[in-house]
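Engineer: Questions regarding the structure given below will be posed in turn.
The values are calculated or read from the model by the stated rules, or taken from the named source; none is laboratory data. No experiment lies behind these values; they were computed from the predicted model shown. Note that we place each Cβ from the backbone using ideal geometry, even for glycine, and neighbour counts take in every protein chain shown.
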Amino acid sequence: MTHLSKGTEMELLAGDLWESCLFLLLSGPLLAFGFYCAYVHYVHLRYDHIPGPPRASFLFGHLSYLTRQAKDSGKIRQDVFLEWAKEYGPIVRINVLHRASVIITSPELVKVFLMSPQYKKDALIYSKLHSLFGKRFLGRGLVSELDHELWQKQRRIFDLAFHRSYLMSSMGTINEKAEQMMEMLEAKADGKTEVCMEDVISSTVYAISTKTFFGMELKSLVDEQKPFLLAIRNVIEGVTLADNPFLKFSLRKRKWINKTQESIRFLREMGKEWIEYRREAIQNNREFPPDVIMQMLKAEAEEGINDEFMVDNFVTFLIAGAETSSNQILLALMELQRHPEIVERLHAEVDEVIGSKKIIEYQDLGKLQYLSQVLKEILRIYPPVTGTVRRLEKDTVFDGVLIPGCTSLFFSTYVMGRMEMYFEDPLTFNPDRFSPGAFKPNFTYFPFSLGPRSCIGQYFSQMEVKVLMAKLFQRLKFQMVPGQSFGILDSVTLKPKDGLVCTVKLRGA
């Protein structure tokens, strides 16, 4: 019988222990990966009866195909969803990793889900608006609040800030900031100087919004808004990056995460400081109009809301409305480059209604009928907000298709607005489809959503957009600088891909 020395026995035991540890280290992740793959397979079994395109891969589902289309063809995801809706019908399945979602393009189902408070916004989608990379962003503000009762309470608080009488009184602010924009553009209207219209329009819209909603005096000059505009763009880019499920594993993206966190901190601190300023001013018996901050401070005393709630809504109203309004104008200016005959009709209407006056009155807006049609057509073919998402909580059969519970449902006004079954020749830009007597299919066009959670600021948004567009076409002509595309970028909201750089001339020059 062979006897091993004590030292040798210890070495063998240590070797066995090391092999055991190595086995556990290797088998643990492999076991976890195996369980994950089994769960992905289970998800496939639950959803594969729903029509949809073949998955490009078992794990990544349709993600790699969507990414490849964006890279190779310049298509935004909504373009791919449009192709799928045409091919597979009004209920289409999408797989990404362990999640399956459904695109809905049925007007009947749009009505069912968007017009009823029964179906809530999807927490999985809207959670990144509550907090972004660990930083509280929109929190539980009006856009991101999921609980219907709490949302309804907020909506009542802000209704007075969007009452028609207050919005009419804001025409002075809109005209004031619009004139500052016009002075800036007229100074560069030599037909040679290149102007980044994205910067000009964004700075003007933010100046209007901050004064109307918060009483903050923000000059509509690009240079003086640079830190502010940069913070907002960083945050928007951060929201876009947050869609990437692998972002947290990328060291290269760490700087973007840091920039996003710092920008959120900057905007929320701005909100805290301004809310405190207004609170102290009211205590010193200063009077203010019934704007957004005034409604929040009144609710603070009456309903006991806290500072976090107020800052959530400061950031919400700061970003949400201004981004969509400025992008609608930019998309309109871009698309109209291809339609000189529509521009001529706009010139004629503006000349007739506005003439040479610099102050546009509230009563003038209703007379700008063709401009309204142009803006509605822009929202059909290029809606800055492409759609909305709802959560289906329990198994339900729609149109003979069983949709499992706990499913995200996507409703896209972009997709439905470009479908032949709802709009004749949908890719042609035709404002006459929104003329007063034209047929308009119900529940196929919802650029501001529909039902109880439709956008509270849509009326104000179209007021300011109309004033700015009327002034631009009253006095100026635009020419895109060669080399730019007519492509669009999906960066939370849709906007021109190249930022819309133009040369400007005075009309008649």
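Engineer: If I ask for residues that are outside any loop (DSSP other than H, G, I, E, B), of a type outside the set (Phe, Trp, Tyr) and crowded, with 16+ Cβ neighbours inside 10 Å, which ones from region 404-450 would you list? Can you show your working first?
Structural biologist: If we filter region 404-450 for residues that are outside any loop (DSSP other than H, G, I, E, B), which is where we start, we get 407-417, 431-434.
Retained after the next criterion (residues that are of a type outside the set (Phe, Trp, Tyr)): 407-409, 412-413, 415-417, 431-433.
Answer for region 404-450, where residues must be outside any loop (DSSP other than H, G, I, E, B), of a type outside the set (Phe, Trp, Tyr) and crowded, with 16+ Cβ neighbours inside 10 Å: Thr407, Ser408, Leu409, Ser412, Thr413, Val415, Met416, Gly417, Pro431, Arg433.
Engineer: I would also like to ask the following. Taking only pairs six or more apart or across chains, which ones have beta-carbon atoms under 6 Å, a first residue in region 299-312 that is in the same structural domain as Phe266 (by TED's automatic domain parsing) and modelled with pLDDT of 80 or more, and a second residue that is surrounded by 14 or more Cβ atoms within 10 Å (Cβ to Cβ) and part of a helix (DSSP H, G or I)?
Structural biologist: Pairs found: Ala299/Ile157; Met310/Ile275; Met310/Met296; Val311/Arg268; Val311/Gly271; Val311/Lys272.
Engineer: Okay, next question. Kindly indicate which of Val92, Val43, Val110 is touching a helix residue (DSSP H, G or I) at 6+ places or on another chain (Cβ under 8 Å), among the β-branched types (Val, Ile, Thr) and in a helix (DSSP H, G or I).
Structural biologist: Result: Val110 is the single residue among Val92, Val43, Val110 that is touching a helix residue (DSSP H, G or I) at 6+ places or on another chain (Cβ under 8 Å), among the β-branched types (Val, Ile, Thr) and in a helix (DSSP H, G or I).
Engineer: Additional query: Among the residues of region 271-298 satisfying the criterion of being within 30 Å of Gly134 (Cβ to Cβ) and without any contact (Cβ under 8 Å) to a residue 24 or more places away in the chain, which is surrounded by the most Cβ atoms within 10 Å (Cβ to Cβ)?
Structural biologist: Leu297
Engineer: Also, quick follow-up: Looking at Phe439, is it among the aromatic types (Phe, Trp, Tyr) and more than 21 Å from Leu331 (Cβ to Cβ)? Outline the logic, then answer.
Structural biologist: Numbers: among the aromatic types (Phe, Trp, Tyr): yes; more than 21 Å from Leu331 (Cβ to Cβ): yes.
Yes: the conditions hold for Phe439.
Engineer: Can you report the number of residues in region 84-111 which are at pLDDT below 95 and β-branched (Val, Ile, Thr)?
Structural biologist: 1
Engineer: I'm checking my understanding of the structure. Among residues of region 140-157 that are in contact (Cβ under 8 Å) with a residue 60 or more places away in the chain and crowded, with 19+ Cβ neighbours inside 10 Å, which one is nearest to Leu450 (Cα to Cα)?
Structural biologist: Residue satisfying both the conditions and the ranking: Val143.
Engineer: Now a separate question. Take Tyr414 and tell me if it is touching a strand residue (DSSP E or B) at 6+ places or on another chain (Cβ under 9 Å), closer than 21 Å to Trp84 by Cβ and hydroxyl-bearing (Ser, Thr, Tyr).
Structural biologist: So Tyr414 fits the description; yes.
Engineer: Confirm whether Ile157 is outside any loop (DSSP other than H, G, I, E, B), among the β-branched types (Val, Ile, Thr), under 30 Å from Cys502 (Cα atoms) and touching a helix residue (DSSP H, G or I) at 6+ places or on another chain (Cβ under 9 Å). Don't jump to the end; show me each part of the working.
Structural biologist: Numbers: outside any loop (DSSP other than H, G, I, E, B): yes; among the β-branched types (Val, Ile, Thr): yes; under 30 Å from Cys502 (Cα atoms): no; touching a helix residue (DSSP H, G or I) at 6+ places or on another chain (Cβ under 9 Å): yes.
No, not satisfied.
Engineer: Here's something else I'd like to know. Before we move on, is Ile354 over 30 Å from Met419 (Cα atoms) and in contact with an Asp or Glu (Cβ under 8 Å, 6 or more places away or on another chain)? Talk me through it step by step, then tell me what you get.
Structural biologist: Details: over 30 Å from Met419 (Cα atoms): yes; in contact with an Asp or Glu (Cβ under 8 Å, 6 or more places away or on another chain): yes.
When the stated conditions are applied, Ile354 passes them.
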